[in-house]
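**Student:** Take this structure first; my questions come after.
Since every read-out is calculated from the coordinates, none of them should be taken as a lab result. The structure displayed is predicted, hence computed values, not measured ones. Please note: Cβ atoms are built from the backbone with ideal geometry, for glycine as well, and neighbour counts cover all protein chains shown.
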Amino acid sequence: MASMKKTVWTAIKEYALISLGLLCYVAGWSVFLVPNNLIGGGVSGISAIVYYAVGLPMGYTYFFVNLVLLLAAFKVMGTGFGGKTIYAIVFTSVMLNVLPALIPESISQELAVSNGKMLSTIIGGVMTGVGIGMSISQGGSSGGTDIIALMVAKYRNVSPGRLILLMDVVIILSSMIFPSYYVGTETVIPFAEKLATSIYGLILITVNGYTIDLYLSGTKQSVQVFIFSKKYAEIADTVTENLHRGVTRIPAEGWYTKSESDILMILARKTDLNLLLKNVKAIDPKAFISVSNVMGVYGLGFDTLKGGGGKKNSSREKKSEKSSDKAS
């Protein structure tokens, strides 16, 4: 019963964070990008190009293009991915049609149009990047190139932000081919301004991709902690029981004192560091602690190495896990 409640609560939390992220994503488009006739990447960029050309609300184009991509993703990512992403696509499609009408024109004028395209490009890029990052971190996606990036990232250690960036360049540059009109008017945008808009679009997806990587690396960053304490056994038990992290005891000898001691080595997420230090200090306030950031941690409880390996690697990993269990 308790396990079921935990599962339900986890699902509610994930969908709530996905919704919040996508709302941030749509707000970036509705407040800062569309009022300035800016172009972005992915399906949103395609939707914006169609909107500026024929006036079709972005939500419709966004939905139908993503539907095609989603069908291709079912087989690769599984039904769990499909469920979250269907929700994300429907939510985003609806909000792209609904939210612009709810935002007073004076707000868009004051925050976006009056401040110029460059500032709007940067703020819009950050907002959409944070939104996509939040969605991806919870196993969902805002659709489009995000779906392709997640499918590739399942098998290869490829930066999602950079992959999205490369795919979006073509969409940005293609906007110069199609006719565009200023939002709410029948005035054609001159080619020189469309060229400038494309440059703003390239800046936009650069900011967007960097923000995605920054968000995702921040949520997955790990630390390596060395603890020197005479109460190492009590600390080790507390860390394994309360934080559910593995602990390695390393026998050592102080060179100056020539006395033997024990060092604990712990790998943990950076988000768990404060709780870890709090537990250690509660047991031994005089403990000597060294903390360092690590580039990557792969294995049980952390990230998974992706790419080439198949069944042979799987069997080796299982043997390795058994050997580790015996050693510990």
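**Student:** Would you give the gap between the C-alpha center of segment 94-150 and the C-alpha center of segment 6-55, rounded to a whole Å?
**Tutor:** With segment 94-150 and segment 6-55 each reduced to a Cα centre, they are spaced 5 Å.
**Student:** Starting from the Cα of residue 169, move 7 Å in the Cα-to-Cβ direction to define the label point; list residues of segment 185-204 whose amide nitrogen is under 13 Å from there.
**Tutor:** 202-203
**Student:** Amide H of residue 181: which non-local residues (sequence gap of 5 or more, or other chain) have their own amide H closer than 5 Å, using H built in the peptide plane?
**Tutor:** 53, 189
**Student:** Restricting things to alpha carbons, find the Rg to Rh ratio for segment 210-288 using the Kirkwood radius for Rh.
**Tutor:** Using Cα coordinates only, the ratio equals 1.08.
**Student:** List the relative contact order of segment 154-241 as a percent without decimals, with contacts defined as Cα pairs under 8 Å and 6+ residues apart.
**Tutor:** So the answer I get is 35 percent.
**Student:** What does the highest-first list of 99-109, 127-137 look like by mean Cβ count within 10 Å?
**Tutor:** Going by the mean number of other Cβ atoms within 10 Å, highest first, we get 127-137, 99-109.
**Student:** Starting from the 7 Å offset along Cα-to-Cβ, what nm value, one decimal, do you get for the label separation of residue 16 and residue 114?
**Tutor:** In this crude spin-label approximation the distance works out to 3.5 nm.
**Student:** Also, quick follow-up: Please list the non-local residues whose amide H lies under 5 Å from the amide H of residue 263, H modeled 1.01 Å from N, same-chain partners needing a gap of 5 or more.
**Tutor:** Under 5 Å from the amide H of residue 263: 250, 252.
**Student:** Another one. Using a Förster distance of 35 angstrom, determine the FRET efficiency expected from the C-beta separation of residue 97 and residue 199, and round it to 0.05.
**Tutor:** 0.80
**Student:** Just to verify a number: FRET efficiency for residue 221 and residue 192, C-beta to C-beta distance, R0 = 35 Å, to 0.05?
**Tutor:** After rounding, the FRET efficiency stands at 0.20.
**Student:** Please provide three numbers in whole Å: the alpha-carbon extents of segment 152-197 along the principal axes, with the largest listed first.
**Tutor:** 47, 20, 13
**Student:** Quick query: amide H of residue 222 versus all other amide H atoms, modeled in the peptide plane; which residues come in under 5 Å with a sequence gap of 5 or more or a different chain?
**Tutor:** Close amide H contacts, sequence-distant or interchain: 270, 294.
**Student:** Using the Karplus curve 6.51 cos²θ - 1.76 cosθ + 1.60 with θ = phi - 60°, work out ³J(HN,Hα) for each residue of segment 7-18 in order, rounded to whole Hz, and write x for Gly and Pro.
**Tutor:** 5, 5, 4, 4, 5, 4, 5, 4, 5, 5, 5, 4
**Student:** Further question: Give a residue-ordered list of calculated ³J(HN,Hα) values for segment 210-217 (Karplus: 6.51 cos²θ - 1.76 cosθ + 1.60, θ = phi - 60°; whole Hz; x for Gly, Pro).
**Tutor:** In residue order, the calculated couplings are 5, 5, 4, 4, 5, 5, 5, 5 Hz.
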